[in-house]
Amino acid sequence: MVPDDVKSENFYNHLKDEKSPYLIQHAQNPVDWYPWGDKAFQKAKAEKKPIFLSIGYSTCHWCHVMAHESFEDPEIGELLNQNFVSIKVDREERPDIDSIYMTVCQMMTGAGGWPLTILMTPDKEPFFAGTYFPRESHLGGIGLKDLILNVRDLWMRDEKEVLKSAGDIMKALKTISTTPKGAELDQNILDKTYQELSKNFDPIYGGFGDFQKFPTPHNLFFLLRYWKRTREKNALEMVEKTLNSMANGGIYDHLGFGFHRYSVDKRWFAPHFEKMLYDQALITTAYLEAFQATGNERYGLIAEEILEYVLRDMKSPEGGFYSAEDADSEGFEGKFYLWTRKEIFQVLDRDDAELISRLYNITEEGNFQDEATGKSTGANILFLEDSVDYSKITPHEGENFHKTLFEGIDPKKALSEELDISLDELDEKIERSKLKLFKAREKRVHPHKDDKILTDWNGLIIAALAKAAQIFGEKKYVDAAEGAANFICNKMFQDGRLMHRYREGEAGITANLDDYAFMIWGLLELYETVFDAEYLKMALSLNKTLLKHFWDEKEGGFFFTPDYGEKLLLREKKSSDSAIPSGNSVQILNLLRISLITGDTELKEKSINSEMAFSQGVHRIPAGHTQLLCAVDFKLGPTYEVVLVGDPQGKDTKDMLEAIRKPFLPHKVLILKPEGADDLIEINESLRFRESVDGKITAYICVDGTCKLPTTDTKEVLNLLT
């Protein structure tokens, strides 16, 4: 029953003392929610009730919709309380739980998403799965109210049949979760993956697929490496077309910077407005690598703008980075980011308002449609648009068409020609106006910020910040990367073990594979930025823990949870990427890099063993494993171990580092040994014998294990590396 004081502001269910912002959002629902834990399962067994499991996250738009429609409704609350034990899970806090039940949902329905709705036995075995349910049934499907009543009747009438169904689902789940070992992967799988991505590529708007568009930066990582290996021009053009279209589209916040989660259309125009830390990190890395590969300054600028957003809005005072910002504000998705033409003219003078309206496609009728009615709202998403309508031209124009298609026409350039002013003058007017609009927007009600700090996502942003610091030489990126790394190392350990989540002064929840793998990635990049051996030692320590507690001794690869973690329905071991690269894929590359740095060949063998554990799955869905194939590309070489010996503060050292960091060289590891220092020798004994020549910065380069003569000539270093 719903407690008598359910409408009181003083009423709380069992989520009251949780740290998750998502769970706290539901702490005053009339649903008697429990957090995941023994108390809920014991209650379900004692009362012989099924479990209603709802999984979501605090910045999820449809999670908010289902909460407002159903979970805040006293009648739904009473029905759930009478017939189920209800459990709420934050998928970002417990990705281990989410992954298992999302696999069930995809297996049973062919689709997935959040909110994730699972009905299961008191023994955690699922018998029904779905995502969002409206309160009431309609012609398109069942509503939550009828679902509850139907399952109540079924459970009371034939509990044994429900339990049998749950048992059958568990057998199927265990079957599809097995990963039979296969052969080592070679160049052929790289070619196959490139062909698959080419087939799915959208040449008009960039990206992959023909409906919703997700950034999937790991696809771009792979294509850049494939271009580097084969000089296949089309691979690089796919990357550039995608990055240009994304930066032009409404998926990019043109005023405050940063990328929204995905586009609901194929043009990158209409975003799902939440902003995730992991997207900012991975997309930044893609733009940085494209900048290195092409020298196109726009890619470097976009990377810097994304990081400006992250440092301004997502950095905690303690040094770690927050998780996400909501799509909704004041009860409406996107309201914070949308503009009417009238609002533009209220902030800017007439000429500037006309210019911005023209450039960013702001109209009186608006381009943003109401989700329910499909009608225009008068509000506008800001976006840039090519002056070419690709749908009205054909490829008969040959190379000129090909060039136009992939590069597009810069809308700023077209506008400067039309207005007969220089690009510099136009840019100055645009930037001045954008700053005014941004300051006006800052006065609006901001979207909710999920202020929990996650180890895995912080690992990704540390890697991105470190790479930006290498390329641009900006101290603010170094400071931010070190601040986050030091925060994780100082605050996110309990009893010597890494934790997954930090909020309000408390670290908690056992760390998973992604936490370790992504932090190792970040620490390796940070070491190659500042050359502080302590970061390298921490990476090696985390790697040692992974091998001890996550490694599958029988089949190879890494389990998602450690051997000391909570025992769930099964211990998953996955290789396929989602919005975030697979932890196994990242760790396979980590092992290869650490093997080169340390000279420990056993780590390379572990990496290849892991690769073989997943190779059959890679052959089935190559484009679902692009991050793993970045590791295969690294393995195939040529790989470069670069050791610099000399004064870290010397001008010759800085000049050589700048030259090495400028081009796109994804197959190298970089070590800097100060003359006379020995703190790296315990990591790699061979470094004992590397000395500087004539007091100058000296490069020792080994290619696929064959070492060249040492050199102090930067040009010779670049010749060896390129």
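Every read-out reported here was derived from the displayed coordinates using simple, explicitly stated rules and does not represent laboratory data. Being a predicted model, the structure only gives us computed values, none of them experimental. Here the Cβ is made from the backbone with ideal geometry for all residues, glycine too, and neighbour counts use every protein chain on show.
Worth pointing out:
- In this structure, the pairs whose alpha-carbon distance is over 18 Å, taken from K668/K708; K16/K452; K413/K662, are K413/K662.
- 26 Å tail of the calculated P(r), the range 561-704, as % of Cα pairs: 39 percent
- From phi via Karplus (6.51, -1.76, 1.60), per-residue ³J(HN,Hα) for the range 77-83 in Hz, x at Gly/Pro: x, 5, 4, 5, 5, 6, 10
- The range 416-502 - percent relative contact order, Cα under 8 Å, separation 6 or more: 26 percent
- In this structure the amide hydrogen of H272, modeled in the peptide plane, comes within under 5 Å of the amide hydrogens of R261, Y262, S263, V264, none closer than 5 places in sequence on its chain.
- In order along the range 100-106, the phi-based Karplus estimate (6.51 cos²θ - 1.76 cosθ + 1.60, θ = phi - 60°) of 3J(HN,Hα) comes to 5, 6, 5, 4, 4, 4, 5 Hz; Gly and Pro are listed as x.
- Bins of 10 Å from zero: percent of alpha-carbon pairs in the range 640-721: 19, 56, 25, 0
- Share of alpha-carbon pairs per 5 Å distance bin for the range 225-328, given as whole %: 2, 12, 22, 23, 18, 12, 7, 3, 1, 0
- Within the chain, the cysteines lacking any other cysteine Cβ closer than 4.7 Å to their own Cβ are C105, C489, C630.
- Shown here for the range 419-476: trypsin sites (Lys or Arg not before Pro) in loop regions (DSSP other than H, G, I, E, B) with at most 10 other Cβ atoms within 10 Å, namely K443.
- The range 530-570: chymotrypsin sites (Phe, Trp or Tyr not before Pro) in DSSP loop, at most 16 other beta carbons within 10 Å: Y564
- Cβ crowding within 10 Å, taken as a proxy for footprinting-reagent exposure, orders V478, V693 from fewest neighbours to most as V693, V478.
- Among the GluC sites (Glu not before Pro) in the range 465-505, those located in a DSSP loop and surrounded by at most 13 other Cβ atoms within 10 Å of their own Cβ are E504.
- Antiparallel %, DSSP beta bridges [both residues in the range 21-176], to 5: 55 percent
- Which of V65, V632 has the fewest Cβ neighbours within 10 Å, and the rest in rising order: V65, V632
- Fraction of beta bridges assigned by DSSP in the chain that are antiparallel (%, nearest 5): 75 percent
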